[in-house]
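Have a look at the structure below, then the notes.
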Amino acid sequence: MSAHAATAEGENYLNWQKGIWSWITSTDHKRIGLMYLFSLVTFFIIGGMAALVMRLELAQPGAQFLDPNQYNVMFTLHGAIMIFLFIVPGIPAVLGNFLLPLMIGAQDVAFPRLNLMSYYVYLLGAVMALIALLNPIDTGWTFYAPYSMQTATGVTLMTAAAFVLGFSSILTGLNFIVTVHKLRCPGMTWHRMPVFVWATYATAVIQTLATPVVGMTLVLLLVERYFGIGVFDPKLGGDPVLFEHLFWFYSHPVVYIMVLPAFGIVGEIIPVFSRKPLFGYHMVCYATLGIAVVGFLVWAHHMFVAGISDGSAMYFSIITFGVAIPTAIKVFNWVSTMYKGSISLTTPMLYAMAFVFLFMIAGTTGIYLATLAVDVFYHDTYFVVAHFHYTIQGGAVIGLIAGLHFWFPKITGKMYNEHVSKVAFLLVFVGFNLTFLPQFVLGMEGMPRRYFDYLPQFAPMHELSTIGAFINGFGYTFALVNLLWSWAFGKRKAEKNPYDSLSLEWKCDSPPIHLNFETVPTVDDYPYAYGTPVEGGGH
Amino acid sequence: MFRYLPEQASEVAPRIDWLHNLITDISVFFTVVICGAMLYFAFRYRKRDGVDHETPQIRGSNLLEVIWTVVPTIICCYIAYYGVMIYKDMVAFKKDAVVINAVGRQWAWDFEYENGKKTNNEFAVPVGKPVKLILSSTDVLHSFFIPAMRVKKDAVPGMFTSLSFTPVKTGEYTSFCTEYCGKDHSAMLATLKVLPEAEYERWLNDRTDELLAAAMSPVELGKKLYAEKGCNACHSLDGAKIIGPSFLKLYGQERECESGNTFTADEEYLRDSILNPRHEIVKGYPAQLMPVFEGQLDEREVKGLVAFIRSLDGSAPVVEEVAQEEEVAVVDPSTLSPEERGKWIYENKLCITCHTLDGSRLVGPSFKNAYGRQGKLADGSDYEANDEYITESLRNPGAKVVEGYAPAMPPYGAGQLSDDDIAGLIAWMKTVK
Amino acid sequence: MAHDTHDDGIYLKILVALGVLTVITVLASSKAGFADFGTWSLAVAMIIASVKAGLVAVHFMHLKTERLDTWIYVIFPVVLLVLMMAGVFIDNPFRTGTGQPDPGVEVAAVEKHDNHGHH
Amino acid sequence: MSSHAAVTSGPPEAHHWDPQTAYSGAKLGMWLFLATEILLFGVLFTCFALYRWAFPAEFHEASGHLKISAGAINTAVLIFSSYLVALGVGAAQRGDNEKVKKMTLISVVCGLLFLVIKSYEYFGKFSEGLFPATHGADWVLYFPALVLGVFLLIAAALTAFAFAAFHYHEYSKFYKYLGGAIVVMVLFPFLVSPLADLLSSIIGSVATLPEHTHYAWRGDGLTQSYKMYFGLYYAMTGLHALHVILGMGILFWVYLLARRNRFSSEYFTPMEIGGLYWHLVDLIWIYLFPLLYLID
């Protein structure tokens, strides 16, 4: 490593170069991570608005202020924006970009300019998605054939936007895989890497290998809409179930792109605030890779009633349980980490513990949907809506916010206000549960999803859910505003390692200098060696 | 707890509910144990007065890892096995099943029986005998879901799919479309009537509405099809544009199409627009939306629709009554005994959608031994379900709402229920035990 | 940079091998060649193509000198491709459509079925 | 793709890793990109495999239309160019820039020859009426999308040149290119509709279909699955041709580097990367040729 100009006192990646130009042409993984953060939060707000409008409409049976077409547009935009523009880039693009090089002792990702290019490809996709709002699409985020072939609404632009965003996701994944393989600092063997790096690596594998499949499927959809090449439309001899196969071959692994990084973050937070090593570190790492690999085998559990053969339905039902087991192992390991620890209930720890509770509900409700006979009843009902909100919102979004709070001192160099953030946590937790527990009940009562209007018997639960949705929305705004306020006007400076973590990213300054480390760090043990060694403590 | 599943009306429902409740119990147990342990650890080993105390460096234990890998695997295998076994019985081929063709189309279900009887958004099956629905779709994906029977299958255009169940309880059950299919996806409901054997046979061979249709004048047939085939979802009768052009004063108008050529809306143009709507799209209207009716409507039905459209020249104001079943019903309530009248009112005046007979709660309280029931009202005062209370609850339900129930019941004025009707209802409710 | 300089001889041998295999695959087809493998023509064509692809990958693309991590990201996508096709092909050919007796699923008589000892 | 130090002076490039790991990192990155290409084509292979199983007779009959001679020549052309590129990589490793220039140039010419043969085949099919036309009157439907694509390509190219200029510190050229990109993107909303109408009227008159049937193919009277074979044929060979063009672009970029004799035994990564991509393009055609042309 060639030497570089010694950094002046108080100079860090935020202030070493001034001006907007230095930001938008910066190939520094930390600045790119922040640019992603602000883009993602804006789309989180847009997607959240669509959700609140839907919940207002559904508060009472009968049409309130939307007509069916507008409602269909709302739930499609909520789905498409939240998934393609917020949560799929989500944790890997923000915290992955910011922390991966720091955690493995590198100065930057493997291909810095490719990293900047993938941000601009993301922006291009985002611009196309915003233009697509003018003639909004109403096919649902799944673009199922043959409706997406026949509807006159603007399917083209939103599908093209999804393709471009997929391309950005591939480039980020590719970048991270090469970074983890080639840029680990001396001593950082695979078994000394933090769990968040394992999770980001597993996510990068899925991003790189699953996204091309949906990219090609969406291109085939567009080509069929315009050139009449009959691959999915039954009028042209195609098979709509084939579209479902190809779509879900990507869309199931994508849910692991969303949730695996959150597992990584919780695996980082709990040991630090329990002052205890992460229990069963090796099992947690292998479970992460296990989920990523088995995630590719199970896609047709979304299609049990789609008309696939009974034999394949039985296969996919049985193999889907293979994903439930590694997830259970992870939860057991997190809770065992807290045994005999010295636990301080800071905000990140509260979010991590809330994550464990919410993911218990998410995981166990997944068992219903994996069981063939029960999924025939539950498929496409509100039970599924509640399940995937518990996994995505209860899992990935809570994980992202926990990560933002935990690494806030490292990113900004300041401390956030602890009390305000705890109030915000309470609002988020209560609001989220109040929104989606009633939806489990709706699912049990057999209410289908994507319904503009419903029978009076479902009314009470929808009222509860709408109230919960607004508390939830307010809770998130409150939490994010608190972070923004503390960054802009916060007085309390954060020292280098406020929580005495052993992980590498806390060895550099907060906020870190442009090239992360003054001298190349070396590592001789995994970053969870807290507490005094005891015999029989395992390796 | 968490028992919210709808009533078990098919042979396989108890087994599915058994498996469902088994998973519920296991899930609740593990969630309570794990989150309880987490909270206990957080409290028991909390950091006291700001200083971290000694913590053992336990990195892991292979024994524990093996245990919590093997135990969940065993549980998962058990659940997966029964999930597959019950499904296998659900889809197994049943020799003498009643076969019904169910065709989904944008926003309605058409049923056809083996003896040629066709019904719209409603079908009946005999209790106790297996039923097989052969599903198909004429346009986009739909899905046929009967919650009470615990069955669901997508209706995929271009291929057949089938679902089978064996109803064990008579009654009326709602079925939903659960695969998103466009504008009125949420209005695409069908009613399943499970009838005793004899009544089913009578219903199957009761072709009165088809005879009625045969005797109908073309304009009346056209009006009936206008409602039944879902034309009203897109074409209005009062000149307003919903999605397609309004039928008011349509006949004889000049129609300028996207392809540039213009037509006068005569019989030929209307006939072609109904059977192959996508050939000529009028300027300003979305293409590719109207379903193709060729092969759906026979010649006589098309002539009826055309005659109906021709009759809308704005001279006679057309009151669009939604085809109410009651009018066509053979039964005249006044001829029945009070108890039978009460039962008939219960089934046909929509009480059934909110009040059950088996004690389970829907939107309103169950009618099972409701007469004479005492309890608390929302405002805390007590109530006793005697004659005056029931009459008032019907005429002005908002006055006294039972605690814990939503004030969602519509008032039944003199126009809907006469005093004799209410007396019959009260008499019948006394018999509901 | 220590790496063995490929002498061009190997590449020529590979070129010849590929040419020969191409000729074989053309002759082995019923359209242009004379051999008619009937239903097996797809399998034969795919085997020959895979051999050619293997030659290109190992020699031209220097997979021979690559370490394990590159090999993983060559094998894994091919496995995923096979998985995708397998998933589609255990579904389409076995759809029972109108619920005719599915060969795999035995016929359930109408009377009460013994359902594995629970209520 | 390489992150090697810029030849000219300027702000310290974050060459944060030594040339050996940079080389192996670039190769791993390229292999990952090839993995995505394999899966991209994999979707088309899956669709083809399914519909060939579903409609064997029509696919057999339809594949009779293809000229096996053209396919065989194309296979030979691609294999030969793949051989040349392999020689080029060997030459680059020895720092022999002259040979690299020759090899890459001939390969680009081979790619061109491939495209010529391909277009000859395509127009042969068009004349037989096997042309995937869209719904009659809506032929103009996708011209705005085409125009949008062209604008985006121009804007993207200009920004790419701007970055290149920025990288080599020619700031004057950098502002020129970036200004051009912004102007193009600003003009786009005003120009798109009139331009689309203009384009559609010129081409529309030529391509309008005799009758306005929905999803009508020129070769009417063919069964749906017959048309589907050609739909998949155009999709697979079209996407492959696009990748041939991309490969030619990369090889030409390597040619430019060789012209500035940048290659030495220490630094030849671009040639290696370009070679990997070209070999993949050849590898995919090795599978396409028997699947589409030979099997019955």
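Structure summary
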quantity: 5 angstrom amide H check on B:R46, placed H, neighbours 5+ away; calculated: A:I343
quantity: With at most 15 other Cβ atoms within 10 Å, longest stretch of chain A clear of loop trypsin sites (Lys or Arg not before Pro) (DSSP); calculated: A:19-490
quantity: For region B:215-310, fraction of C-alpha pairs farther apart than 19 Å, in %; calculated: 35
quantity: Cα-based Rg / Dmax (Å) for region A:281-415; calculated: 17.5, 57
quantity: Most positive-pole-ward Cα, A:T153, B:V402, B:V51, against dipole of the protein assembly as shown from beta carbon charges; calculated: B:V51
quantity: Calculated on alpha-carbon atoms, Rg and Dmax of region B:22-62 in Å; calculated: 14.9, 45
quantity: Most mobile of B:T69, B:T166, B:T138 in a GNM of chain B (Cα contacts under 10 Å); calculated: B:T69
quantity: Size of charge dipole - region B:53-125 - debye, nearest 20, with Cβ of Lys, Arg +1 and Asp, Glu -1, no other charges; calculated: 180
quantity: Of A:K18/A:K496; B:K118/B:K283; C:K31/D:K125; A:K182/C:K13; C:K64/D:K118, those spanning more than 26 Å from alpha-carbon to alpha-carbon; calculated: B:K118/B:K283; A:K182/C:K13; C:K64/D:K118
quantity: Neighbour cut-off at most 11 other Cβ (10 Å), DSSP loop, GluC sites (Glu not before Pro), region B:106-191; calculated: B:E114
quantity: For region A:29-98: rounded, prolate or oblate by the Cα gyration tensor [a/c cutoff 1.5]; calculated: prolate
quantity: 222 nm mean residue ellipticity, helices alone, for chain A (DSSP H n ≥ 4; -39,500 (n - 2.57); rounded to 500); calculated: -21000 deg cm²/dmol
quantity: Gyration tensor (alpha-carbon) shape descriptor, region D:16-95, a/c threshold 1.5; calculated: oblate
quantity: Chain B: DSSP helices with Cα axial extent of at least 20 Å and average Kyte-Doolittle hydropathy no lower than 1.0; calculated: B:13-44, B:62-91
quantity: Gaussian network model of chain B, springs between alpha carbon atoms under 10 Å - residue of B:K47, B:K349, B:K376 with greatest fluctuation; calculated: B:K47
quantity: Loop GluC sites (Glu not before Pro), region A:1-103 (other Cβ atoms within 10 Å of the site Cβ: 14 or fewer; DSSP); calculated: A:E9, A:E11
quantity: Charge dipole (the protein assembly as shown, unit charges on Cβ, about Cα centre) - positive-most of C:T39, A:A362, A:G125; calculated: A:G125
quantity: Contact order normalised by residue count of chain A, Cα under 8 Å, 6+ apart, percent; calculated: 18
quantity: Mean-position separation - Cα centroids, region A:499-531 and region B:77-154, in angstrom; calculated: 61
quantity: P(r) histogram, all alpha-carbon pairs of the protein assembly as shown included - 10 Å bins from 0, percent; calculated: 1, 8, 15, 20, 20, 17, 11, 6, 3, 1, 0
quantity: Length-normalised contact order of region B:98-206 in % [C-alpha pairs under 8 Å, at least 6 apart]; calculated: 29
quantity: Dipole magnitude of chain A, debye to nearest 20 (Cβ charges: Lys/Arg +1, Asp/Glu -1, about Cα centre); calculated: 1060
quantity: Lys/Arg +1, Asp/Glu -1 at C-beta; region A:387-539 dipole; positive extreme among A:G395, A:L442, A:W485; calculated: A:W485
quantity: Residues whose placed amide H lies under 5 Å from that of B:T55, excluding near-sequence neighbours; calculated: A:T532
quantity: Span-rule helices in chain A, defined as complete DSSP H runs reaching 15 Å or more along the axis (Cα) with Kyte mean at least 1.0; calculated: A:29-58, A:112-132, A:155-182, A:195-227, A:240-274, A:281-294, A:347-370, A:418-445
quantity: Whole-number D in µm² s⁻¹ for region D:252-294, Kirkwood Cα-pair radius fed into Stokes-Einstein, 10 °C, 1.306 mPa s; calculated: 132
quantity: Cleavage-rule hits (chymotrypsin sites (Phe, Trp or Tyr not before Pro)) in region A:210-311: DSSP loop, at most 15 neighbouring Cβ within 10 angstrom; calculated: none
quantity: Percentage, to the nearest whole number, of Cα pairs in chain A over 42 Å apart; calculated: 17
quantity: Euclidean distance of C-alpha centroids, region D:57-129 and region A:36-101, integer Å; calculated: 46
quantity: Rh by Kirkwood over Cα pairs, then Stokes-Einstein D for region A:216-295 at 1.002 mPa s and 20 °C, µm²/s; calculated: 137
quantity: Equivalent ellipsoid, chain B (semi-axes from 5 times Cα gyration tensor eigenvalues, Å); calculated: 49, 34, 25
quantity: Region B:98-206 - convex hull of the alpha-carbon atoms, volume per residue in Å³; calculated: 83
quantity: Label-point separation, A:L484 to A:T522 (7 Å along Cα→Cβ), nm; calculated: 4.6
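All of the numbers you see were taken from the coordinates with simple rules; none came from a lab. Bear in mind the structure is a predicted one, so any value in this text is a computation, not a measurement. Neighbour counts run over all protein chains shown; Cβ positions are idealised from the backbone, glycine included.
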